Amino acid sequence: MTAETTTSSTRRPEALDRVVIRFAGDSGDGMQLVGDRFTDVSASFGNDLATLPNYPAEIRAPAGTIAGVSSFQVHIADFDILTPGDVPNLLVAMNPAALKANLQDLPPGASIIANLDAFEDRNLEKAGYHGNPLEDGTLDAFRVYQVPMTSLTLEAAKETGAKPRDAERSKNFFALGLITWMYTRPVETILHWIEERFAKNDLVRAANLAAFKAGYHFGETAELFDHPFEVHKAQLPAGRYRNISGNVALAYGLIAAGQQAKLPILYASYPITPASDILHELSKHKNFGVRTIQAEDEIAAAGIAIGGAFAGQLGVTATSGPGVDLKSESMGLALSLELPFVLVDVQRGGPSTGLPTKTEQADLLLAMYGRHGEAPVPIVAASTPSHCFDTAFEAVRIAVKYRTPVILLTDGYLANGAEPWRFPDTADLPDISTPFATEPNHDGEFWPYLRDPETLARPWAVPGTPKLMHRVGGLEKEDGSGNVNYDPENHEHMVRLRAEKVARIARDIPPLEVDHEDGARLLVLGWGSTWGSIKAAVRRVRNGGRKVASAHLVHLNPFPANLGEVLARYDQVLVPEMNLGQLSKLIRAEFLVDATTLSKVQGLPFRAAEIEAKILEMIDGR
Amino acid sequence: MAADQGADGGAVTLTRKDFSSDQEVRWCPGCGDYSVLTAVQLLMPELGVRPEELVFVSGIGCSSRFPYYMNTYGIHSIHGRAPAVATGVAIARPDLHVWVITGDGDALSIGGNHLIHALRRNVNMTILLFNNQIYGLTKGQYSPTSEIGKVTKSSPFGSLDYPFNPVSLALGAEASFVARTHDMDRKHMQQVFRRAHDHEGSAFVEIYQNCNVFNDGAFEQILSKEARPRMLIDLRHGEPIRFGPDRELGIALNDHGEAEIVTVADVGEERVLVHDEHRPDPTVAFALSRLAEQPTMPTPVGVFRAVQRPTYEGELQRQLAVAQDRQGPGDLRSLIESGGVWEVS
Ligand code: SF4
């Protein structure tokens, strides 16, 4: 098939309710940048959206190869959507490798915009093509638009004086310009952004502006395309919105929690993908009194945060799986010291170095059990990018109130994915502060482990307070006095007490909400970033006239108090997880429920269709 | 002298008792740790600090029990991590006085990374490294400061590991204050500790400490009463470095910049190195630290280096203040609304 050559006289935009666009190119082609831009402009335009960035672990994998392909998928819609979209409607392929790496995801009839200039012999060969897919019928099932983006970009940038080698790098903005026209996005916003972002480099700014405009005008005038499309604003719940990614939401959540806990944040971490952006974001906000420290290693990051907690600040560290391994011993210390401390695990594909830039949910059991001894810690997990704000706040609330380390689980998909966020009014955020101890509490002495009878939290006495000098450590201590104690009975008492303290948090968290439908016999139970795919799958099943219920866990330890009762209401329980069945194991062990696992461990989130198929299979007993 | 308001309103002088906890001290009888503890507890009332302003942070090992015996704030943390935990305390509360108690295994083996990074950052803390050249708590394995060939339970045929020289290591790690003392001389310890406490930034003190159970007499050759005049080279700022029963020996730098022992009468007084703690470049201090490969040869003690450099937490405080100046005090609402905001009605 060849390029479309229809001429249209009307060229009026055709309205779509939703579209999924995937930008794909070399990792040096700037696909994440233009994907982000398209997302932001769509968000502020008022669409609902979800994104899925996907890039190689190598900073610059060999150019032109499949290994070096980087992509950014964005789903925009005029209604509330839940996932970045199962399959793209449009693929922008900047070179043959980008085409080859993404083609299998396209449904028949999807559109492809290919950078014609890049489809020459050398690139085709590097991508592993023997012929030219643009010519040999490989793409017969698709609508293909061949656009010489590189040469048009060079042509457009000529007058800016940029050297061809530099100007060529603006071709991602050509693509962005073209897509901006195709989907009738506001042009001014992007022009303004380019002006600001490249304010310091005249040549680059001029070349990017020229390329963007050229792409836009190409769409308008080339008549290659029938007509543009438009996706109207979504009817989202009333409120004020902004677009936000998971890592930024998490950083904001910590800042908000610090403020509401009346504690300065002491954030120590070691650079690791995909958690580093939290450090980057927090380090910009020192005016909030946020202290950020890039530690010498993962262990030091945890130690510094714990030292900060002892001294009366909000100690936080974030990392990914490999860092959690290294911080296990420190978690045990924080648990034994009974100090507030938040550890964020932005999960990625494991084991070992695994898939640094890909998503996975396989650290649940690590969070639950990855320490020696009986060492329970509360665990909360975020469901969507903006939910990272709420869960960061919740993790801090629990840590401070119960004087305990808390693990917050997010993942690579949430960290880098973005969505519109109806942000809270800051005036509505609860006060989560806790008073420091100021007076001796036991016959004129200070006993550091004399507990609050309700929460079992110990008093938090910070250095500098007269008369409350005390020593804490990792050795077993006597309850109450806190003195080192090796007595057998005392040890068992302390082990049980620490478990009870965490278990009691169940009284202080909301019951699990079930999205139930009369007649549903199957419950889909999820946790973490599978939220959107599960919701979308459930919607589809219901639209098909079948009955299904769903529920999503935010608190993984302790579980909501009603979980057992909820599970008992259904004949079947399906747990979709990006691991081999870790939540299933926990609920089987705890509630003797014969849960079915739907696993996916490919470094990619579930497609709604995959979960939908499994639900139907289970309902129909197929 | 620190003074407290007594019940009758009069000033009460703090004493050793105010800095001693009620916990029974549990080191082996005769352990060098006792004399260090005594030196520190006796010194505290003279430093003009109050017990609540002090935080003692330790790792794991015999000496790391130290914080339990001090009536101050204290954390007995995990093996090797004391400098990291102490960094957190110091950053959070620059008004406190943070002391790190560690040993040769704790600081130089499992915690080597944290030690060197605390030193280069110049976090305001006093680090006392109890060097007994052995693992005591785990009952006698060779440590990173044990001499080559050392026969222990874990090295029946002799240790193969080349040892660290803690002072050289600290100097190499950009420490702004480096000193050495030993458990046989309370006065010397207290002089050095006081200097370390007064120093702004990371102050590193190596203490030769005898483990009479697993490595008795490790420092005998330099610390016995008879040996000291010949074997201990007392570094005093601004003075020519001389030692020997009749101060007949001195230290001079040779043509390669290495420190050498010379007979003063032979080379002339003007060749004897005048000790300068404040020399910005650590090369000469390093040369002094290399004089004795092991504490079996004439060994310098005292302050090797004391230079001024901004502290980590001081600079961090400055950045916080600058950020407030430039961006104004943090306002959560405007932070959240910093992305493009739109309204759905
Ligand atoms: S084992 Fe050695 S260092 Fe440890 S307490 Fe006994 S004598 Fe002291």
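The values are calculated or read from the model by the stated rules, or taken from the named source; none is laboratory data. Computed from a predicted structure; not experimentally measured. Neighbour counts are summed over all protein chains in view; Cβ atoms, including those assigned to glycine, are modelled from backbone coordinates with ideal geometry.
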Looking across segment B:66-78 at residues that are closer than 20 Å to B:Val213 by Cβ and more than 16 Å from the chain's Cα centre (by Cα), the single one that is surrounded by the fewest Cβ atoms within 10 Å (Cβ to Cβ) is B:Tyr68
Checked pairs for segment A:231-255, first at the interface with another protein chain (Cβ under 8 Å from one of its Cβ atoms) and within 16 Å of A:Ser383 (Cα to Cα), second in a loop (DSSP other than H, G, I, E, B) and among the hydroxyl-bearing types (Ser, Thr, Tyr), C-beta under 8 Å and 6 or more apart or across chains, list as A:Ile244/A:Ser386
Counted residues in segment B:95-144 being assigned to a loop (DSSP other than H, G, I, E, B) and within 16 Å of the ligand (Cβ to nearest atom) come to 11
Every listed condition ((1) over 21 Å from B:Ala39 (Cα atoms); (2) touching a Ser or Thr at 6+ places or on another chain (Cβ under 8 Å)) holds for B:Val192 save (1)
Of the residues in segment B:17-51, those that are within 16 Å of the ligand (Cβ to nearest atom) and over 13 Å from B:Leu128 (Cβ atoms) number 11
Is there a residue being away from every other protein chain (no Cβ under 14 Å) and touching a Gly at 6+ places or on another chain (Cβ under 7 Å) anywhere in segment B:289-304? no
Checked segment B:288-345 for anything under 30 Å from B:Pro229 (Cα atoms) and aliphatic (A, V, I, L, M); matches are B:Leu288, B:Leu291, B:Ala292, B:Met297, B:Val301, B:Val303, B:Ala306, B:Val307
Going through segment B:283-316 in order, the residues found to be in a helix (DSSP H, G or I) and either closer than 16 Å to B:Val192 by Cα or of a type in the set (Gly, Ala, Ser) (or both) are B:Ala285, B:Ala287, B:Ser289, B:Gly314
Counting only residues in segment A:322-334 that are surrounded by fewer than 24 Cβ atoms within 10 Å (Cβ to Cβ) and out of contact with any helix residue (DSSP H, G or I) (no Cβ under 6 Å at 6 or more places or on another chain), the one nearest to the other protein chains (Cβ to nearest Cβ) is identified as A:Glu329
Looking only at segment A:426-439, decide whether some residue is without any contact (Cβ under 8 Å) to a residue 12 or more places away in the chain and either hydrophobic (A, V, I, L, M, F, W, C) or touching a Ser or Thr at 6+ places or on another chain (Cβ under 6 Å) (or both).
yes
Checked segment A:23-50 for anything within 18 Å of the chain's Cα centre (by Cα) and in a strand (DSSP E or B); matches are A:Asp48, A:Leu49, A:Ala50
Selection from segment B:181-217 of residues more than 15 Å from the ligand (Cβ to nearest atom), over 18 Å from B:Met44 (Cβ atoms) and among the polar types (S, T, N, Q) yields B:Ser202
When every residue in segment B:218-227 that is away from the ligand (no atom under 15 Å from the Cβ) and in contact (Cβ under 8 Å) with a residue 24 or more places away in the chain is compared, the one farthest from the other protein chains (Cβ to nearest Cβ) is B:Gln221
Reported set for segment A:302-350 where residues are of a type in the set (Phe, Trp, Tyr) and in contact with a Ser or Thr (Cβ under 9 Å, 6 or more places away or on another chain) is A:Phe341
Considering only helices (runs of 4 or more DSSP H) wholly within segment B:183-281, the ones with at least 2 residues that are exposed (fewer than 12 other Cβ atoms within 10 Å of the Cβ) are B:264-267
Only unsatisfied item for B:Ala84, checking (1) within 8 Å of another protein chain (Cβ to nearest Cβ); (2) surrounded by fewer than 24 Cβ atoms within 10 Å (Cβ to Cβ), is (2)
Checklist entry - Restricting attention to segment B:53-64, does a residue exist that is in a helix (DSSP H, G or I), at the interface with chain A (Cβ under 8 Å from one of its Cβ atoms) and among the hydroxyl-bearing types (Ser, Thr, Tyr)? => result no
Review point. Is segment A:411-432 home to any residue that is over 30 Å from B:Gly80 (Cα atoms), among the aromatic types (Phe, Trp, Tyr), more than 14 Å from chain B (Cβ to nearest Cβ) and outside any loop (DSSP other than H, G, I, E, B)?
Key: yes
Picking from A:Gly315, A:Gly307, the residue that is outside any helix (DSSP H, G or I), crowded, with 24+ Cβ neighbours inside 10 Å and not polar (S, T, N, Q) would be A:Gly315
Scanning segment B:52-91 for residues that are within 16 Å of the ligand (Cβ to nearest atom) and in contact with a Pro (Cβ under 6 Å, 6 or more places away or on another chain), the one nearest to B:Gln319 (Cα to Cα) turns out to be B:Ser58
Q) Taking B:Ala107, is it within 8 Å of chain A (Cβ to nearest Cβ), crowded, with 20+ Cβ neighbours inside 10 Å, under 19 Å from A:Gly473 (Cα atoms) and modelled with pLDDT of 95 or more? A) no
> Do we have A:Pro96 as farther than 30 Å from A:Ile534 by Cβ, in the same structural domain as A:Leu152 (by TED's automatic domain parsing) and touching a Phe, Trp or Tyr at 6+ places or on another chain (Cβ under 6 Å) here?
Replying inline: yes
